[in-house]
Amino acid sequence: MSNPWVVLVATVVIIALSAFFVAVEFALLAAKRHRLEDAAPTSRSARAALRSSGELTVLLAGSQLGITVCTLALGAITKPAVHHWLTPLFETWGAPYWAADVAGFVLALVIVTFLHLVVGEMAPKSWAIAHPEASATMLALPMRAFMVVTRPVLLALNGAANWCLRRVGVEPADQVASGQGPDDLRHLVEHSASVGALDVAYSDQLSGALDLRRLTVEDLLADHAAPSAVGHGATAAQVQEASRASGHLRILVQGEGGRPEGVVHVRDTLLLADDAPVTDVTRPVFELAADVPLHTALTSMRETGNHLAVVPRSDADGPDGPAADFGVVTLADVLRRLLPRTTAGTPA
């Protein structure tokens with residue numbers, strides 16, 4: 001093929017197709033599935049992108065097949081033509097034929113490789129990574145059409161690749177795992193703080209938030225002081241005295257056997273006479289099991305409007321002896337674990 005215009009048009013088309021397949025590959029790998037799902041109800045292209053993300057290995061087989069065909073086409077059409085044009089040029093400069101032929105071959109290979117690598121691969125890859133959802137949506141429909149035509153070949157290639165993976169003990173996956181686990185995020189936070197990219201205060205807060213997923217209510221009881229409590233039939237003065245002595249705003253009211261039967265906020269006793277019983281301002285206790293995850297406890301306390309929860313201990317021997325078979329956890333305790341610097345000293 002010696003007509004330069006035909007070669008030029010064919011080269012542009014081949015490089016554009018290569019760029020298309022590269023962009024499709026990286027767009028679907030980088031796109032967030034939830035964003036495609038948000039756009040799917042109103043966008044046919046987004047729905048097509050979602051279908052492709054659900055069979056990602058087949059799509060990658062299609063992309064690799066397209067890129068390989070484009071590479072072979074450049075080698076079969078563009079490189080020989082450029083080689084054919086350059087060899088006589090070097091001969092006119094006085095080089096012998098064999099030297100001109102070698103120089104033309106090497107320079108043609110360099111030119112074609114540069115065009116394919118930079119224009120056909122690196123540029124579309126960078127664009128797709130920078131705009132993953134937009135590129136995935138834009139290219140989804142033509143890629144789906146290509147996959148329909150070549151599906152038997154793609155399934156055969158994908159099946160062969162999966163067979164090879166299973167032979168070495170790897171289970172193939174059809175979708176990209178999205179998001180980061182708590183351990184991954186904790187490692188990222190620790191690394192960012194160690195290199196100075198994240199302030200230590202923010203690092204403590206983020207670490208505390210991640211800890212909520214693995215801590216239980218019982219973990220807050222380990223170093224917790226004995227709960228402040230008054231006996232059954234206690235007066236307003238007794239509740240206020242217990243509050244002054246402990247610094248707590250919420251005081252437990254114990255029933256027979258020392259079990260808590262209610263909780264009273266010292267604020268509700270201020271308008272009562274000193275010798276008035278606090279029965280009318282006592283609220284039922286909110287109880288949480290010791291093995292409840294901390295994030296679940298935080299949600300439950302906020303939804304029910306309770307700032308204090310009674311927690312039966314898993315062992316009968318608490319820090320104050322066998323009688324202390326229960327403890328208390330306050331909303332301030334949970335928030336203090338989450339925000340250690342900003343909630344220090346918050347009264348319960």
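The values are calculated or read from the model by the stated rules, or taken from the named source; none is laboratory data. Please read all numbers here as calculations on a predicted model, not as lab measurements. A quick note on method: Cβ atoms are made from the backbone with ideal geometry, for glycine too, and the neighbour counts reach across all protein chains shown.
Worth pointing out:
- Exactly one residue out of 183, 199, 204, 174 is over 30 Å from residue 329 (Cα atoms), under 28 Å from the mean Cα position of the chain (by Cα) and modelled with pLDDT under 75, and it is 174.
- Some residue of region 27-45 being farther than 20 Å from residue 123 by Cα, among the hydroxyl-bearing types (Ser, Thr, Tyr) and within 24 Å of the chain's Cα centre (by Cα): no
- Residue within region 213-227 that is at pLDDT 65 or above, among the small types (Gly, Ala, Ser) and under 20 Å from residue 325 (Cβ atoms) present: yes
- Of 56, 8, 74, 36, all but one fail to be under 23 Å from residue 151 (Cα atoms) and not β-branched (Val, Ile, Thr); the exception is 56.
- Test: residue 229 is without any contact (Cβ under 8 Å) to a residue 40 or more places away in the chain and in the same structural domain as residue 305 (by TED's automatic domain parsing): yes
- Residues that are surrounded by fewer than 16 Cβ atoms within 10 Å (Cβ to Cβ) and either more than 42 Å from the chain's Cα centre (by Cα) or within 30 Å of residue 33 (Cα to Cα) (or both) within region 65-90 comprise 68, 69, 76, 84, 85, 88, 89, listed in sequence order.
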